[in-house]
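What follows is one structure encoded as structure tokens, with my remarks underneath.
The values are calculated or read from the model by the stated rules, or taken from the named source; none is laboratory data. No experiment lies behind these values; they were computed from the predicted model shown. Glycine gets a Cβ as well: all are built from the backbone with ideal geometry, and neighbour counts include every protein chain shown. Quick note on the areas: whole protein, heavy atoms, side chains included, nothing else; ligands and nucleic acids left out. Shrake-Rupley method; radii C 1.70, N 1.55, O 1.52, S 1.80 Å.
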Amino acid sequence: MFPKSTLILFATLLTVFSPADALWPQPRNLQTGSTALRLSGGFEITISGSVHNAPSDLHAAVLSTQNFVKTDKLGRLVVGRGSVDAQVVSKAKSLSKLTLSLSQGATAHSITSEAQKAIEDRDEAYTLTVPSDGSGATLTASSTLGLYRGLTTFSQLVYYNDGTTYILNAPIHIQDSPAYPYRGFMLDTSRSFFPVSDIKRTLDAMSWVKINQFHWHVVDSQSFPLEVPGFTDLASKAAYDSSSVYSPSDVADIVSYAGARGIDVMVEIDTPGHTSAISKAHPEHIACAEATPWATFANEPPAGQLRLASSETTQYTAGLLAAVAKMFPSTLFSTGGDELNTNCYAADANTQEDLVSTGQTLEQALNVFTQTTHKAIIAEGKTPVVWEEMVLVHNVTLESDTLVLVWISSDDVKAVAEKGFKLIHAASDYFYLDCGGGGWVGANPDGNSWCDPFKTWQKSYSFDPTANLTDAEAKLVMGGQHLLWTEQSGPQNLDPIVWPRAASSAELFWSGPGGNISEALPRLHDVAYRMRQRGVQAISLQPEWCALRPGVCDLTA
Amino acid sequence: MFPKPTLILFATLLTVCSPADALWPQPRNLQTGSTALRLSGGFDITISGSVHNAPSDLHAAVLSTQNFVKTDKLGRLVVGRGSVDAQAVSKAKSLSKLTLSLSQGATAHSITSEAQKAIEDRDEAYTLTVPSDGSGATLTASSTLGLYRGLTTFSQLVYYNDGTTYILNAPIHIQDSPAYPYRGFMLDTSRNFFPVSDIKRTLDAMSWVKINQFHWHVVDSQSFPLQVPGFTDLASKAAYDSSSVYSPSDVADIVSYAGARGIDVMVEIDTPGHTSAISKAHPEHIACAEATPWATFANEPPAGQLRLASSETTKYTAGLLAAVAKMFPSTLFSTGGDELNTNCYAADANTQEDLVSTGQTLEQALNVFTQTTHKAIIAEGKTPVVWEEMVLVHNVTLESDTLVLVWISSDDVKAVAEKGFKLIHAASDYFYLDCGGGGWVGANPDGNSWCDPFKTWQKSYSFDPTANLTAAEAKLVMGGQHLLWTEQSGPQNLDPIVWPRAASSAELFWSGPGGNVSEALPRLHDVAYRMRQRGVQAISLQPEWCALRPGVCDLTA
């Protein structure tokens, strides 16, 4: 039995532990003090005169950061919100300036061009210092991309209360760079279409947690919303409707919007499966188009795959991929390669004729098809990216620098690494955002989703990127990403299904594994609340009562 | 192996079966023909002169329906959308009028007052006739509430293509009335707060599927956002913040908005558990307020329950409930009663002293508490509503007309019915919208939600309201509802987590059980698409490719 006074003591004690900063992803080296600073009314971010020919996207990033500092108006997540800081802030020294500079000898290229470099060549490191005496804060990096990452960090330091913006915990010294060079997010715009504005808002949110790769699964069997120069009949016949199309100028707009936010856009044209939509314009290239029962011919309706044994279809595909490759500056291009269905080809008279006439097996034909299509994108300067089946299921010769997306299960990572391929973590058992919402196929009353249960942020956050790998194999891990397949998603639930969950992999692959979920949760609340202030509908992970009381709603608290 | 021409034939055959109407809930008697009708430019809905003193909310409903007819602009969900109807519609006769009248002898009371009647007294029946020759459509009912339901049905008949609104399948004759008188939706506004605008939008969506009861779980342990006259210290001290409060005028606004849409508002002040928030203003009334470890004293943090053995607390609670009862015209008032924790009282010195001094057991004290508080609301003209534990777990004497909400499991329905109480289906295994999103308690890496898995619309739709009940027991079933507990929800995901899923119980309890999920799916797509046209972010249940091809994405198609 509790004596009454003890109960009251409990209630008091439980509310005291709150982090005074809530950076996400957590910087890899962070030193903080305990001095508060008010941002002066004329607080300004400037680019040092030593940065010659500062690119326009860096200027834009500076303006955007100044704007966030003013408009975020985020009250700190503690009981009483910002009012608890009011007294200390009222007496605080004033910070009037943040100055950006590049390290000696560095040239100011655009953020965009730095972001679009090959994975290994991206330089995202930065050093941010906020002195406690009110003298100017400084941000230095050896690339504009590093400066961009530092600006993002700076904006997360700022809180608001009653007309005042302020920073706690000065002096602050951050030396930061990512643990992994690829930190992505994949969106499927074929099962459901997303207007450009949704994609841009998603790119904004990605940039706030330092995600640097947008993996755009732009087309699939259900619809073909990409208008490709020279292949415009695909979108005109297989987009859901004429307004559900990404024109070349939409693509350029998205690529440039992403680039200015430190994000590279890797497009995926999934081949030879997942291509039923092409049959709307070119039935001659598609085997088993919309054949039934669909479950015999595809993993989901509608069935339909490129006639990979046909030299005409192979030429057509190579031409299509090359044309798409020209639309995207990235060095990466995904040709897909998942879920190839052999029944479809067995049942397709054309394919069988082609195999007989060339004396090839299906696997041999797939090898020719893959080599031809990969050659076409390599000629455009791209590095091919494939889903894991292309190295684990099929007997296909791939370039040694091909990047492999592991999706079926994290158990398959080891096998891909053993084959010596660089890989991206995208495993359904950790990173699929669509799992757990019930099956979407009709006439299936008890259907749960194939990848049940729902992947919580804690699950993704606890992933070990190098589990069971040797040191040499571990070096093949380029990073990872969350993925949203959109059979049950659309503009209506894009933000709530993605955010703040996808931030968990963003931190995992920037800060490195081993993070503690109890320590992370208060910071992740901060991510969600700040996103909302910026217009992204990130959901609540807990009742606000818990969000304001770090640790108090823990399982054993 | 497929011969090639067969494949093409398959693709053609599969797209032909589409319903030409998509009413939801399905009317209980529906006869349709095959004639299309264009709505004339001056299409008008009028109230017959025989309806004397038509109430203002009926006039508003007429205007709102006319507005939906014009602004829904919903293209029919078939391949090609509305364009497939263009030819038939271009030659169609024109419909210029829908006339509403009351059956002879009926008096025109407001929709609001009809909706706020006791459950058994609500009259929602209507007859809607749309002749095929272009002569005026007619809607008759014996109450304005019936007319309102008929208007809702009428608006669902209308599709749009290329500047023309039209109805298919005339002549249409509908005689309709609900299978169950209580069709509800519960929203928790304590774990996270929802602005009035979110609640109004939800009431709109509810009305479109003929839900007639808003169960408002307005306060709980986490926050107390209800400003109660005479008890304003509760909201001022225990709301999340001063802007997260429902004032009496907000409540009146919500009640009147609901009433005009045929919806009654049943408020819930959950007692004696789930009341930790009251401790912020009145610590003297709350046992084990925010005590730890919370799991010992409550099902979720923070702990805290009314000191039910204290006569002062009992009186305070009765006064509070009476004051809240005055704010809501409904005949129903829920006093909660779920998840009472006995450890909390065992550890509370005050409660133990009270029990000793009165010589009561805790159960006896609970009985006194319940009878006193129920008497207070009965005096305000209310019928008490309780969660199932009050009849299945506790030994409490309740009025025989007390309504019981079955939530823990549908397996408990039989036991409640055997005790002779009227009941509402609200079982977590069928109707909880929050399940399946992972556990929300912190420091729990593998935590799934306690009521996993996600409850799909198919699961709810397949529920049998009278399973295992005798004929006499079956008469105790008043209806049912979906419920949204908001530990992981807020304004950010309200629409996507509720719609169109909650429409499945709306049809189940209007049209009656036994519906077929394959038949229902195309109509439910229609619900979701029409909701989006009206500004509610209902999610996609399938890729649009499937939504336009009924049956083609079924499991065995």
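With label points built 7 Å along Cα→Cβ from the Cα atoms of A:Asp471 and A:Ser243, find their separation and express it in nm.
It works out to 5.9 nm between the two label points.
Which whole number gives the average, over all residues in A:545-551, of C-beta atoms from other chains lying within 10 Å of the residue C-beta?
5
Using 0.36 nm per residue, how much length does the chain from B:Asp162 to B:Asn67 gain when fully extended, once their Cα-Cα distance is taken away?
32.4 nm
Would you mind checking the tilt of helix A:362-378 against the longest principal axis of the Cα atoms of chain A, expressed as 0 to 90 degrees and rounded to 10?
Roughly 50 degrees, rounded to the nearest 10.
By how many degrees, between 0 and 90 and to the nearest 10, does the Cα long axis of helix B:349-358 differ from the longest principal axis of chain B?
Helix B:349-358 sits at roughly 80 degrees to that axis.
Any idea what % of Cα-Cα pairs in the protein assembly as shown are farther than 52 Å?
So the pairs more than 52 Å apart make up 27 percent of the total in the protein assembly as shown.
So how far apart, in nm, are the two label points at A:Val196 and B:Asn299 if each is 7 Å from Cα heading toward Cβ?
5.0
Stretch B:His52-B:Lys315 to full length: gain in nm at 0.36 nm per residue minus the Cα-Cα span?
Extra length available between B:His52 and B:Lys315 comes to 90.0 nm.
Accessible surface of B:Trp440 in the full protein assembly, 1.4 angstrom probe, to the nearest 10 Å²?
Spelled out: B:Trp440, probe radius 1.4 Å, area about 40 Å².
Across peptide B:280-286, what mean number of C-beta atoms from other chains lies inside 10 Å of a residue's C-beta?
Average per residue, whole number: 1.
Going 7 Å from the Cα of B:Ala60 in the Cα-to-Cβ direction, what parts of the stretch B:114-156 have a backbone nitrogen less than 17 Å from that spot?
Counting backbone N atoms under 17 Å from the label point, the list is B:114-117, B:144-149, B:151-152.
Residue separation times 0.36 nm, minus the C-alpha to C-alpha distance between B:Asp233 and B:Ser83: what's the value?
Difference between extended and current length: 48.0 nm.
Net charge within 13 Å of B:Glu507 by Cβ-Cβ distance, Lys/Arg positive one each and Asp/Glu negative one each, not counting B:Glu507 itself?
+2
Grab the eigenvalues of the alpha-carbon gyration tensor for chain B, scale each by 5, take roots, and send me the semi-axes largest first in whole angstrom.
Equivalent-ellipsoid dimensions as semi-axes: 45, 27, 20 Å.
What net charge is computed for the residues neighbouring B:Leu37, neighbours being all others with C-beta under 10 Å from the C-beta of B:Leu37, Lys and Arg scored +1, Asp and Glu -1?
Neighbourhood net charge equals +1.
Which value, in debye to the nearest 20, describes the size of the charge dipole of the stretch A:19-176 about its Cα centre when Lys and Arg Cβ atoms bear +1, Asp and Glu Cβ atoms bear -1, and nothing else is charged?
In total the dipole reaches around 480 debye.
For the protein assembly as shown, what is the percent of antiparallel DSSP beta bridges, rounded to the nearest 5?
Among the beta bridges of the protein assembly as shown, antiparallel pairing accounts for roughly 30 percent.
Do you know the relative contact order of chain B, to the nearest whole percent, from alpha carbon pairs under 8 angstrom that are 6+ apart?
15 percent.
Just to make sure I understand: if all protein chains stay in place, what is the order of A:Ser460, B:Ser256 by accessible area at 1.4 Å, largest first?
B:Ser256, A:Ser460
Given a 1.4 Å probe and heavy atoms of the protein chains only, how would you sort A:Lys73, B:Lys315, largest accessible area at the top?
The most accessible residue leads, giving B:Lys315, A:Lys73.
What lysines could a cross-link reach from B:Lys97, if we take a straight Cα to Cα line under 22 Å and drop same-chain neighbours fewer than 8 places away?
B:Lys70, B:Lys73
Counting only heavy atoms of protein chains, what accessible area per residue, in Å², does chain A have with a probe of 1.4 Å?
That works out to 33 Å² per residue.
In the stretch B:324-472, how many lysine pairs have Cα atoms under 30 Å apart, counting only pairs 8 or more places apart or on different chains?
Lysine pair count for the stretch B:324-472: 16.
Looking at chain B only, what percent of DSSP beta bridges run antiparallel? Nearest 5 please.
Around 30 percent antiparallel, to the nearest 5.
Roughly how many Å² of B:Glu399 are accessible to a 1.4 Å probe, to the nearest 10?
Approximately 100 Å² of B:Glu399 is accessible to the 1.4 Å probe.
Just grab the label-to-label distance for B:Asn343 and B:Lys91, each label 7 Å out from Cα along the Cβ direction, in nm (one decimal).
For the pair B:Asn343/B:Lys91, the computed spacing is 7.5 nm.
Taking every DSSP beta bridge with both residues inside the stretch B:182-515, roughly what % is antiparallel (nearest 5)?
Restricted to the stretch B:182-515, the bridges split so that about 5 percent are antiparallel.
Taking Cα atoms, how many degrees apart are the long axis of helix A:4-13 and the longest axis of chain A, rounded to 10 and kept between 0 and 90?
Once rounded, the angle reads 70 degrees.
Might you report the magnitude of the Cβ-based charge dipole of chain A about its Cα centre, with Lys and Arg at +1 and Asp and Glu at -1, to the nearest 20 debye?
The calculated dipole for chain A is roughly 2560 debye.
Just tell me how shielded A:493-502 is by partners: mean number of partner chain Cβ atoms within 10 Å of each residue's Cβ, no decimals.
Taking all residues of A:493-502 together, the mean is 3.
Work through the residues other than A:Ser113 whose Cβ is under 15 Å from its Cβ and net out their charges, Lys, Arg +1 and Asp, Glu -1.
Every neighbour counted, the sum reads -3.
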